[in-house]
């Protein structure tokens, strides 16, 4: 019978990993050990997108079919080498290194939800994000169409944007900023809402900018409300708690012309990064300023 716990050393830190054979994705037979292995191997691409950011954990101790919970305060039983930063009286985990990432995976923190800001200052977003969420009777085909409309609208404002799958039902579009003179209320939130409403007015049969369920049938919600210092968005390369171990995956714009091929699992993503590198590198590095409205 395999041992319940395995002692490992990661970058000089001792970790006790438990129940590695526990199945967390029953339909895929994907185990906790495989979750840890995925996060270990994807770490070089993933960590730059987590570094210095308050992280909300989404833990599934009994797998994706069991109860889950969000955890903003970093667990009190954390090792003393796990970094925390206090924001609005909450001591968040900050995942800057492989050892912390492995520790989180061992907690069955399947999904990683960082802030769109660095912890300091939390009021300054480094990115503007749009979550394209299909309503009933809509899907990835419609999301991709809206993503192209959004890309073109942003381009007309002089802003480059980058797409990733949500790992769930939709597409997300990120606009890197990485500059000092930007905030949420008068900056990313205001502009993202204005763009969503503008595109809704142009294509009312396809796009909705409000959350109300009765408005969403057959349409794609451009969710601009993620642009808020109190909210988080699933990180690029994060696993999702779906039937299978799907991943929020960066994609090239031309890939959105084939929506049926836009579902990627852990093994697919490792292969893509090996071949193409991190397609989301510009989101962490490129500097752009918002236009004056």
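Taking one quarter of the surface of the convex hull spanned by the alpha-carbon atoms of segment 64-139 gives a direction-averaged projected area of 7.5 nm². The percentage of C-alpha pairs in segment 127-285 whose separation is greater than 18 Å is 57%. Specify whether the C-alpha gyration tensor of segment 1-59 places it in the rounded, prolate or oblate class, a ≥ b ≥ c being the square roots of the eigenvalues: rounded for a/c under 1.5, otherwise prolate if a/b is larger than b/c and oblate if not. Oblate, since a/c reaches 1.5 and b/c is not below a/b. In the chain, the longest principal axis of the Cα atoms and the axis of helix 140-156 are about 60 degrees apart. Panel note: the C-alpha atoms of segment 25-179, placed on their principal axes, show extents of 49, 41, 28 Å (largest first). Taking the C-alpha atoms only, the angle from helix 32-46 to the longest principal axis of the chain is near 50 degrees.
Counting only Cα atoms, the size of segment 5-114 along its three principal axes is 39, 31, 27 Å, in decreasing order.
The long axis of helix 189-202 is offset from the longest Cα principal axis of the chain by roughly 50 degrees.
Based on Cα contacts under 8 Å between residues 6+ apart, segment 146-228 shows a relative contact order of 23 percent. Spacing of the modelled spin labels on residue 73 and residue 210, each 7 Å from Cα toward Cβ, amounts to 3.8 nm. For segment 181-273, the C-alpha radius of gyration sits at 1.30 times the compact-globule guess of 2.2 N^0.38 Å, with N the residue count. Helix-only estimate, please: 222 nm mean residue ellipticity of the chain, summing -39500 (n - 2.57) across DSSP H runs of length 4 or more and dividing by its residues, to the nearest 500. Only helices count here, giving -7500 deg cm²/dmol.
Working value for the chain: equivalent-ellipsoid semi-axes of 32, 22, 17 Å, each the square root of 5 times a Cα gyration tensor eigenvalue, largest first. Below 8 Å, C-alpha to C-alpha, sequence gap of six or more: please give me the relative contact order for segment 51-140 in percent. Worked out over segment 51-140, it gives 34 percent. The base-10 log of I(q)/I(0) for segment 139-197, evaluated at q = 0.23, 0.25, 0.28 Å⁻¹, reads -1.04, -1.15, -1.27 [Debye formula, identical scatterers on Cα atoms, solvent excluded]. Using the C-alpha gyration tensor of segment 97-217, what are the square roots of 5 times its eigenvalues, in whole angstrom, with the largest one first? In descending order the semi-axes read 27, 21, 13 Å.
How do 111, 11, 200 line up, fewest other C-beta atoms within 10 Å first? Mind showing how you got there, number by number?
Numbers: 111 22, 11 11, 200 19.
Starting with the residue having the fewest Cβ neighbours, the order is 11, 200, 111.
No lab work stands behind these numbers, since they all come straight from the coordinates. Please read all numbers here as calculations on a predicted model, not as lab measurements. Backbone-built Cβ (ideal geometry, glycine too); neighbour counts: all protein chains shown.
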